[in-house]
Amino acid sequence: MKKYNKYLLILGLGAFTLTSCNMEELPKTSISYVDGKDMITNIEDLIRLENGLNQSYRVTHYGQISEADEVMCDGFNATVDYGNNFGSIHRTDNSFSSSDYDTRDMWAINYWAIKNYNLFIEHVAKFQGADASEQAYADVADGEAHFYRAASYLQLVRHFGKAYGASSTSDLAVPLVLKYDQQEKPARATVAAVYEQIKADLDVAATKLAGVKGEIGAMTPTIDAVNALLARYYIDIKDYANAATVAKKVINSAAGYALATTLEAMDAEYSNDKGTEPIMQLAGSLAESGATEVFDNVENDLVNDIYTMTTNDKTYGMYLRPYFIPSKKLVESYEATDLRFQTWFTNAFTCVLGGADLTGQFYNFVKYLGNPSLTSTGIPNARQLIKPFMIGEMYLIAAEADFRDGKTDAAKTTLNALQAARGASLTEATEETIENEWFKETVGEGLRINCFKRWGKGFDGRAAQDGAEQAVQSSTAFVGKSMTADDIHWQWPIPAYELKVNENLVQNPGY
């Protein structure tokens, strides 16, 4: 199993790790917070801390943050060499408990980041710029912090609360912590209250980032990123008219986001991080010391490497030894002409599992094989620039929202635009075709759990690919796993340590 550091009560403890001036590298030092002392006394302080905010946001993506969501569902099978990585959440059996590493880290990483956002928001409000330009800079930075806090709370409520619905005013989600207080022991807020806070933060962000125009691959939040996050918010709360409106604002943005329509464009996008699809694409460089980063005892490896685990030896040369391979359902959801299938799946790369060369017997998932410019060894390491929002998701939100709102013609137009770009057959806009397109377009991005919860659906089994019998864990707990729409595991357990140190927290039912 993966090694994880001892963790803290993330709601309050730890230093303020926001000192880096280089956006391409994560900070290696920290500022200890002293109550009553201003942390931002000049524009240089502000810039350093703002860069640290950006890196705090980056830590909340990829790695176990997105991998756990994918392997819990129906798109991937554990291989014979998976080593029990994500085993509990993949099986969702009795071992999936409040002590689970993956649910704990979703909580810990986001609350660590929220602590930093809260401190910044508190102290930037006291900053008095030397001139109008400094004050304007501070306003934009404040908007970024509110955007980031909204993003973390959306991640948290999607995992630890029930889907938004009629009982959201009483269903419990996560504690709302809006001010740094080491002594506070907050109770869980309701699902409705957390979504209300997300909207309040996004309203601030929309105002303060109104003049920050969208651009392809923006490293920091723009007004298009705000609208992309708003689209997620609106689709969650079932405000379909607004979900479609803001998603289409991003699709039609002057920034010129464009879906890749050729194999060359797909390769530029998903291998070299030089495409036209990212609404945001976060900084990264070869100079970084490594993929795994640890802050305040919170770890996230920032790479989606469990699908490849590329290695090299004298016997086989360079080969894949993945922990998870695509399920039969995922592979067969694509047509052979689909650019996504041709780019993200391969049976040609050497694959060794269980000590046997199984090359050509099944497909591997290589969407996150790695950018060649981010490895110094020539061996793919799954390192790619993190893309929190992609334009394809906006097409899906717009299509789903219009369909749910009874605007089937508009939904079909948007759905067909995405399908045509990807080389897939055009279909009518139905519940099934839209949901299938979500599966095909966003695989690996950590959105699958929320889709099932939002739709009020489960899945029935995850059979292995034909030819992969020797490669996967074959017991019923793995390939036969099903989850009903009302399965308790869609709502993750509150971490055991948080319950231990905060008596005001209560556990989700069934754990």
* To do: Please work out which residue is farthest from S285 (Cα to Cα), limiting yourself to region 335-375 and to residues that are in contact with a strand residue (DSSP E or B) (Cβ under 8 Å, 6 or more places away or on another chain) and among the aromatic types (F, W, Y).
  => F362
* To do: Pick out the one residue from A166, A192 that is closer than 25 Å to N508 by Cα, open to solvent by 60 Å² or more (accessible area, probe 1.4 Å) and either aliphatic (A, V, I, L, M) or assigned to a helix (DSSP H, G or I) (or both).
  => A166
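Residues are listed down the side, and each one gets a yes or a no for (1) within 22 Å of the chain's Cα centre (by Cα); (2) in a helix (DSSP H, G or I):
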residue: K162; (1), (2): yes, no
residue: P175; (1), (2): yes, no
residue: K179; (1), (2): no, no
residue: Q182; (1), (2): no, no
residue: K185; (1), (2): no, no
residue: I198; (1), (2): yes, yes
* To do: Working only within region 374-392, note down all residues that are over 22 Å from A247 (Cα atoms) and either in contact with a Ser or Thr (Cβ under 7 Å, 6 or more places away or on another chain) or buried (at least 19 other Cβ atoms within 10 Å of the Cβ) (or both).
  => L374, I379, P380, N381, A382, R383, Q384, L385
* When only residues in region 48-105 that are under 23 Å from P495 (Cβ atoms) and of a type in the set (D, E) count, which is surrounded by the fewest Cβ atoms within 10 Å (Cβ to Cβ)? -> D93
* Pairs, first surrounded by 19 or more Cβ atoms within 10 Å (Cβ to Cβ) in region 203-214, second among the polar types (S, T, N, Q), C-beta under 6 Å, six or more apart -> V212/T222; G214/T222; G214/S253
* Which of the residues spanning region 313-357 are among the small types (G, A, S), within 24 Å of the chain's Cα centre (by Cα) and open to solvent by 10 Å² or more (accessible area, probe 1.4 Å)? -> S333
* Has region 472-489 got any residue that is in contact with a Leu (Cβ under 9 Å, 6 or more places away or on another chain), of a type in the set (G, A, S) and modelled with pLDDT of 95 or more? -> no
* To do: Tell me which residues, restricted to region 230-248, are of a type in the set (A, V, I, L, M), open to solvent by 10 Å² or more (accessible area, probe 1.4 Å) and either over 17 Å from A205 (Cβ atoms) or part of a loop (DSSP other than H, G, I, E, B) (or both).
  => I237, A241
* Looking at region 192-199, is at least one residue among the β-branched types (V, I, T) and touching a residue at least 60 places away in the same chain (Cβ under 8 Å)? -> no
* Structure fact -> Pairing a residue in region 254-265 that is outside any loop (DSSP other than H, G, I, E, B) with any residue that is modelled with pLDDT of 95 or more and open to solvent by 40 Å² or more (accessible area, probe 1.4 Å), where Cβ atoms lie under 7 Å and the two sit 6 or more apart in sequence or on different chains, gives L263/Q342
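For (1) within 14 Å of the chain's Cα centre (by Cα); (2) more than 29 Å from K500 (Cβ to Cβ), each residue gets a yes or a no:
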{"position": "T60", "(1), (2)": "yes, no"}
{"position": "V80", "(1), (2)": "no, yes"}
{"position": "S88", "(1), (2)": "no, no"}
{"position": "Y101", "(1), (2)": "no, no"}
{"position": "I109", "(1), (2)": "yes, no"}
{"position": "K115", "(1), (2)": "no, no"}
* Asked: If you go through region 120-139 one residue at a time, do you hit one that is closer than 18 Å to D45 by Cα, in a loop (DSSP other than H, G, I, E, B), aliphatic (A, V, I, L, M) and free of Cβ contacts under 8 Å to residues at least 40 places away in the same chain?
  -> yes
* Is it the case that region 177-191 has a residue that's more than 22 Å from N502 (Cα to Cα) and either out of contact with any Pro (no Cβ under 7 Å at 6 or more places or on another chain) or modelled with pLDDT of 95 or more (or both)? -> no
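The values are calculated or read from the model by the stated rules, or taken from the named source; none is laboratory data. These numbers come from a predicted model, not from an experiment. In this analysis, Cβ positions are derived from the backbone assuming ideal geometry, glycine residues included, and neighbour counts consider all displayed protein chains. For accessibility, only protein heavy atoms count, side chains too; no ligands or nucleic acids. Shrake-Rupley method; radii C 1.70, N 1.55, O 1.52, S 1.80 Å.
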